[in-house]
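Asks: Got a structure here, written out as structure tokens. Questions coming.
The values are calculated or read from the model by the stated rules, or taken from the named source; none is laboratory data. None of the values given here were measured: they were computed from a predicted structure. Positions of Cβ are backbone-derived with ideal geometry, glycine not excepted, and every protein chain shown enters the neighbour counts. Just the protein is used for accessible areas: all its heavy atoms, side chains included, with ligands, DNA and RNA removed. Shrake-Rupley method; radii C 1.70, N 1.55, O 1.52, S 1.80 Å.
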Amino acid sequence: MAEIYWQKEIETASPEQIRSWQSERLVKTVQRVWDNVPMYRERMKEAGVEPGDIKSVDDITKLPFTTKQDLRDTYPYGMFACPMEDVVRLHASSGTTGKQIVVGYTRNDLDIWDDICARQLCAVGATTSDKVHVSYGYGLFTGGLGLHGGAQKLGAVTIPVSSGNTARQITILKDFGSTVLCCTPSYAMYIAETLAADGTSPDEIPLKAGIFGAEPWTNEMRRQIEKGLGIKAYDVYGLTEIMGPGVAYECSEQRGMHVNEDHFIIEIVDPDTFEPVPDGTQGEIVFTCITKEAFPIIRYRTKDIGVVTREKCSCGRTFARMSKPMGRTDDMLIIRGVNVFPSQIETVLLKMGYTPNYLIEVDRVNNLDTVVVNVEMNSDNFSDTVAHISASEHALEDEIKSLLGVAVDVKLVSPGSIQRSQGKAVRVIDHRKLHG
Ligand code: DLL
């Protein structure tokens, strides 16, 4: 497929040009937050830094980090860097715990957001002839309106379906002839499953590509979605605090997501010492927004774990690429001293022929952490014989133990018994937190 760009000169700019944009924009942003956001001014004073000390992108490490707690402490509008008259949209995110956080956008911020989502759409081959079916939730969540804005700016036919009512999603896919689907990967799996149950072959719908993100998903899951929907599935990354979807986007090479470096600076830091780590080393992803007017955030610790590379990509884009985040530091399970991400368990399950319908339950019994991985059987590996089920459970337990080094109990459950998700899937229930 020929690569299509939305803003070719920017997406293929030289590394020197990108650094020069970043330096110029970082300097301006630091001055903007110093002038308008008391929290940043205080933090910078505490760190002994003034706007004049920030002359280029190399000086970014002099600036203090921002955390979700800072956003909660300044709730709702304490970190806005422009007068409320200039704000034209609010979004919010509650996360799994704690008070929600509120972010704002000026007209210019929305324009940039539309552009970066249009870059994503072009990178998957979408043009004005495409029909973009947006099944991310609309509302305070950024998924729906984010991709919607990109599709509309691109000039594609935008179909604002939002999430839920899966039977209706399928009718629309068929009758309206959607060609690009945008939703969470777990919802894409559910749509594929419903399509199969409906007796519809993927060849009967014109869908050709999907833009899936907002939660971790593995390459094994990508293959199942591609098969189930008869499409090519692409990853998209983003978070409310930074912008929403489109902070980083996958191209046809599918070897990491290009970070929109003309708007965001990415750093990877050691999650314990917060010192920057070299490219290629795994760590916590940190972002700085350098063009946002309403909500420019400085060195935001995302808690997502990933790797960045600046190796050349054959798609022609020059922006650095980040790996699929394997999970968040707060989703990492520490099981008897071993660190495990749910996505690593998912990789094993899918390799062994199961579907990504699973639920991990963690508990503490007699001061010992226990983990039960509930996994759905499917038509290929279904059995109702106790001996057979038990042998399959042991085979999965052995594989998880040998690949990840942790002992878990696997419980095979009947097809369809694990709740399906229409947005972000719940993969873990931690009974320890619920008791505590
Ligand atoms: O999930 C924004 C979004 C909407 C991204 C639609 C992509 C598509 P939040 O609700 O604030 O925003 O959640 C952000 O979701 O810190 C990651 O932990 C996770 N996440 C987002 N995209 C990916 C991805 C949206 N592609 C949090 N892979 C982030 C893995 C992802 N995790």
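Asks: Which entries of Lys131/Lys303; Lys227/Lys401; Lys45/Lys324; Lys303/Lys411; Lys232/Lys324; Lys208/Lys324 show an alpha-carbon separation above 25 angstrom in the structure shown?
Replies: Numbers: Lys131/Lys303 34 Å; Lys227/Lys401 29 Å; Lys45/Lys324 36 Å; Lys303/Lys411 30 Å; Lys232/Lys324 16 Å; Lys208/Lys324 22 Å.
In this structure, Lys131/Lys303; Lys227/Lys401; Lys45/Lys324; Lys303/Lys411 lie more than 25 Å apart at Cα.
Asks: Let me ask another. Taking the Cα centre as origin and putting +1 on Lys and Arg beta-carbons and -1 on Asp and Glu beta-carbons, what dipole magnitude results for the range 311-376, to the nearest 20 debye? Before the final figure, lay out each step's value.
Replies: On the way: 8 positive and 8 negative charges, 96 e Å.
Here the range 311-376 has a charge dipole of around 460 debye.
Asks: In addition: Which one, Thr194, Ile429, Gly78, is farthest towards the positive end of the dipole of the chain when Lys and Arg carry +1 and Asp and Glu -1 on their Cβ?
Replies: Selected residue: Gly78.
Asks: Right, here's the next one. Which residue, Gly230, Ser343, Ile116, has the largest displacement toward the positive end of the dipole of the chain when charges sit on each Cβ (Lys, Arg +1; Asp, Glu -1)?
Replies: About the Cα centre, the residue reaching furthest to the positive side is Ile116.
Asks: Could you derive backbone 3J(HN,Hα) for the range 384-401 from the dihedral phi with the Karplus parameters 6.51, -1.76 and 1.60 (θ = phi - 60°), listing whole Hz in sequence and x where the residue is Gly or Pro?
Replies: With the stated coefficients, the range 384-401 comes to 10, 9, 4, 4, 5, 4, 5, 5, 5, 4, 5, 4, 5, 4, 5, 5, 5, 4 Hz.
Asks: By the gyration tensor of its Cα atoms, with a ≥ b ≥ c the square roots of the eigenvalues, what is the shape of the range 315-436: rounded for a/c under 1.5, prolate for a/b over b/c, or oblate?
Replies: Working: a/c = 1.70, a/b = 1.23, b/c = 1.38.
In terms of gyration-tensor shape, oblate.
Asks: A follow-up question, please. Where in the range 51-80 does the amide nitrogen come within less than 18 Å of the point 7 Å from the Cα of Asn108, taken along Cα to Cβ?
Replies: 80
Asks: Between the range 241-273 and the range 292-347, how far is it from one alpha carbon centroid to the other, in angstrom?
Replies: 8 Å
Asks: Another question about this same structure. Around Leu239, which amide H atoms from residues at least 5 apart in sequence, or from another chain, sit under 5 Å from its own amide H, with H modelled in the peptide plane?
Replies: Result for Leu239 returns Gly244, Val247.
Asks: Going by alpha carbons, how many degrees (0 to 90, nearest 10) lie between the helix axis of 107-123 and the longest principal axis of the chain?
Replies: 50 degrees
Asks: From the square roots a ≥ b ≥ c of the eigenvalues of the alpha-carbon gyration tensor of the range 86-135, which class results: rounded (a/c under 1.5), prolate (a/b over b/c), or oblate?
Replies: Working: a/c = 3.14, a/b = 1.67, b/c = 1.88.
Here the range 86-135 falls in the oblate category.
Asks: Another one. So for the range 129-241, averaging the separation of alpha carbon pairs under 8 Å that are six or more residues apart and normalising by length, what relative contact order in percent results?
Replies: Values: 184 pairs, mean separation 28.4, N = 113.
25 percent.
Asks: Ok, one more. Compute the acute angle (0 to 90°) between the alpha-carbon long axis of helix 185-197 and the principal axis of greatest extent of the alpha-carbon atoms of the chain; round to the nearest 10°.
Replies: 40 degrees
Asks: Also, I was wondering about something else. How large is ³J(HN,Hα), in whole Hz, for each residue of the range 417-432 in order, when computed from phi with the Karplus curve 6.51 cos²θ - 1.76 cosθ + 1.60 and θ = phi - 60°, using x for Gly and Pro?
Replies: Calculated HN-Hα couplings, in order: 8, 8, 4, 7, 10, 9, x, 7, 6, 8, 9, 10, 10, 9, 5, 4 Hz.
Asks: How do Met352, Met377 stack up against each other in accessible area, from largest to smallest, with a 1.4 angstrom probe?
Replies: On the way: Met352 70, Met377 10 Å².
Result, largest first: Met352, Met377.
Asks: Could you please tell me the mean projected area of the C-alpha convex hull for the chain, averaged over all directions and given in square nanometres to one decimal? Write down the numbers at each step before the final one.
Replies: Working: hull surface 87.1 nm².
Taking a quarter of the hull surface, the average projection is 21.8 nm².
Asks: In addition: Given Cα pairs under 8 Å that are at least 6 residues apart, what percent is the relative contact order of the range 180-300?
Replies: On the way: 190 pairs, mean separation 19.8, N = 121.
That works out to 16 percent.
Asks: Using only the Cα atoms of the range 12-64, build the gyration tensor, take square roots of its eigenvalues as a ≥ b ≥ c, and label the shape rounded, prolate or oblate: rounded if a/c is under 1.5, else prolate if a/b is larger than b/c, else oblate.
Replies: Working: a/c = 3.25, a/b = 2.15, b/c = 1.51.
Prolate is the answer for the range 12-64, as a/c is 1.5 or above and a/b outweighs b/c.
Asks: What number comes out for accessible area per residue over the range 173-284 if the probe is 1.4 Å? Units Å², please.
Replies: Working: 3760 Å² over 112 residues.
Solvent-accessible surface per residue comes out at 34 Å².
Asks: Take the solvent-accessible surface of the protein heavy atoms, probe 1.4 Å, and return the percent of it on the chain that carbon and sulfur atoms account for. Don't skip to the answer; put the middle values down first.
Replies: Details: 9300 of 18600 Å².
Answer for the chain is 50 percent, counting heavy atoms of protein chains only.
Asks: Let me ask you something else. Hey, got the dipole for the chain? About the Cα centre, +1 on K and R Cβ, -1 on D and E Cβ, debye to the nearest 20? Please report the intermediate quantities before stating the final value.
Replies: Working: 46 positive and 59 negative charges, 100 e Å.
Result for the chain is approximately 480 debye, rounded to the nearest 20.
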